[in-house]
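The values are calculated or read from the model by the stated rules, or taken from the named source; none is laboratory data. Just so you know, these numbers come straight off a predicted model, no measurement behind them. Cβ coordinates were reconstructed from backbone atoms using ideal geometry, including for glycine residues, and neighbour counts include every protein chain displayed.
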Amino acid sequence: MSDITKSGGRRGSIAAAVTVVLLVVGGFLVAKSFSGTDAPPQPDAAQSAPSVTPAPSSSPPSPTSSPTSATGKTAAPSTADFGPIMGPSAPVSLKIPSIGVDTKGIVDLGLDKSGKLQAPTDFGRAGWYANGPTPGEFGPAVIGAHVDSKSGPAVFYRLGSLKKGATVSVARKDGSTARFVVDRVARYSKADFPTMTVYGDTKGRAELRLITCGGAFDQSTGHYVDNIVAFAHLTS
Amino acid sequence: MRTTSKIASVALGSAVLLPFLGAGVAQAADGSTMATLRPVALNGVKGSGTAMVTVNGTRIDVTMAANGLLPDAPHAAHIHFGADARHECPVAGDDAKGDGTINTTDGGPAYGPIVVSLTKTGDTSPKSGLAVDRFDTAPGGKINYERGSINVSSGVAQAITEGKAVVVVHGVDHNNDGKYDGTTKSDLDPSLPTEATDPAICGVLNAAPAGGMDTGAGGTSTPNNEGMLLLGGGLLMAAVGTGAFTARKARNRV
């Protein structure tokens, strides 16, 4: 009788201890998965809308901005107001202070057989589409980099948290620096990628596209299902 | 745990893969090309530009922007292609006469003859190659050109999508006097000075990238967190079981 009670009590206390361990470990894992500290940041909806440009008359009058925008901007003399433009020179390094990007040794990227832009083979490097315009020239210069490697964050890990108005500077081979300001940051499904929006004509402006991966990771293909694209234009 | 998530992602993945492949094929066929227009060797132009040509069968849509050209002067602009050409922009070595400039004859071996005239109105065939009254006059040195639905031959359409066609904007001012003049005549039309037809800026039409980029290996991805959530949840469920067992034992003792 006493034996049974004893062993039953022992088993009971072991079960109680196991319960506590399971609760603690399980609870920790659930909490950690919800806190999402490991996942790369994704752009929110507010960042994907284009910035309001001061030029159009349709924009609502604002007491603080209308006097300065009326006098501060010189009227476009011709129909083709392209903004600043630079001569051709390949990029050598990229700085985005607001998200801690400071990367040197930008590699040349080409297209694969299906026409897709190939990613840098080195997770620690950014690459640029070498058959397109150089950053600062007319058209959309493209710089891409990985969001992560198999083991942790890569060059563009924080691209999804980039905000409108942030500055991006590209040092070029000729010693000059092309400075851009971010217009918007958006996330697109790779299956329905807006090729023309991202790589198409920029109506003469010198622009920059920063591309990395986003959304969910598909274990079967080994790729993320979305791309995060930051759109920026040259300011100086 | 690992096996479960693997099976789940394989099932999910195969569903995702099909539309993915379909999109790749469709985009490869749509034929968007871009040229970065840069100064032609030896001709002293500081300008630059971009051109985009989208091919749909034997119809092309063209947009082009350029700056740094001689202002208020007609700039003949063409798509060039020749099967025997190098499909490039001319280099200093193409100056056959050694006169220190590149004229249209010098440019021929690099980019071939005119196949499309990028006129603002009317005919776009090679016949309009020097229709100076129908080309952009670059007010302020700038061109902002757009023209849709230009008909081309299937051979030209193919050359464009294969990266063998070259966009050339002509018209330079060698002596910097603000107009086309000089004693040297154009080798295309002796009634024009060579300044009016010498190539100014040039770029090969190359396929624009199509589709997204594969820029991540998943080391920080969300599915890891989902796995963590499932594992954590499983442990909590187990805790309910062992907890119930403990409770029953405790009850038995009373």
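Worth pointing out:
- Within region B:171-226, tally of residues that are aliphatic (A, V, I, L, M), in a helix (DSSP H, G or I) and within 14 Å of chain A (Cβ to nearest Cβ): 0
- Residues (buried (at least 18 other Cβ atoms within 10 Å of the Cβ) and more than 25 Å from B:GLU88 (Cα to Cα)) located in region B:135-183: B:TYR180
- Meets criteria (in contact with a Ser or Thr (Cβ under 8 Å, 6 or more places away or on another chain) and of a type outside the set (Asp, Glu)) for A:TYR199: yes
- Inside region B:137-156, residues that are free of Cβ contacts under 8 Å to residues at least 24 places away in the same chain and under 12 Å from B:GLY57 (Cβ atoms) make up a count of 0.
- Residue in region A:169-183 that is touching a Gly at 6+ places or on another chain (Cβ under 9 Å), within 13 Å of chain B (Cβ to nearest Cβ) and not small (Gly, Ala, Ser) present: no
- Single residue of region A:197-207 satisfying the filter (at the interface with chain B (Cβ under 7 Å from one of its Cβ atoms) and surrounded by fewer than 19 Cβ atoms within 10 Å (Cβ to Cβ)) that is nearest to B:MET34 (Cα to Cα): A:GLY200
- Qualifying position, being within 15 Å of A:SER48 (Cβ to Cβ), touching a residue at least 40 places away in the same chain (Cβ under 8 Å) and basic (Lys, Arg), among A:ARG205, A:ARG187, A:ARG172: A:ARG187
- First in region A:130-144 and touching a residue at least 40 places away in the same chain (Cβ under 8 Å) and under 19 Å from A:THR197 (Cβ atoms), second anywhere and assigned to a loop (DSSP other than H, G, I, E, B) and among the basic types (Lys, Arg), Cβ under 8 Å, 6 or more apart: A:PHE138/A:ARG205
- Subset of region B:133-152 (residues that are out of contact with any Lys or Arg (no Cβ under 9 Å at 6 or more places or on another chain) and part of a helix (DSSP H, G or I)): B:ASP133, B:PRO139, B:GLY140, B:GLY141
- Of all residues in region A:208-233, those satisfying the criterion of being crowded, with 24+ Cβ neighbours inside 10 Å and more than 11 Å from chain B (Cβ to nearest Cβ) are A:LEU208, A:ALA230, A:ALA232.
- Counting the residues of region B:49-104 that are within 14 Å of another protein chain (Cβ to nearest Cβ), crowded, with 19+ Cβ neighbours inside 10 Å and within 14 Å of B:ALA157 (Cα to Cα) gives 6.
- Residue among A:ARG125, A:ARG158 that alone is more than 8 Å from chain B (Cβ to nearest Cβ), on the phi < 0 side of the Ramachandran plot and out of contact with any strand residue (DSSP E or B) (no Cβ under 7 Å at 6 or more places or on another chain): A:ARG158
- Of the residues making up region A:98-137, those that are small (Gly, Ala, Ser), surrounded by 22 or more Cβ atoms within 10 Å (Cβ to Cβ) and over 18 Å from the mean Cα position of the chain (by Cα) are A:GLY132, A:GLY136.
- Subset tally (residues that are closer than 18 Å to B:THR33 by Cα and more than 7 Å from every other protein chain (Cβ to nearest Cβ)) for region A:128-141: 5
- Meets criteria (touching a strand residue (DSSP E or B) at 6+ places or on another chain (Cβ under 9 Å), under 30 Å from A:LEU109 (Cβ atoms) and either modelled with pLDDT of 95 or more or among the aliphatic types (A, V, I, L, M) (or both)) for B:VAL172: no
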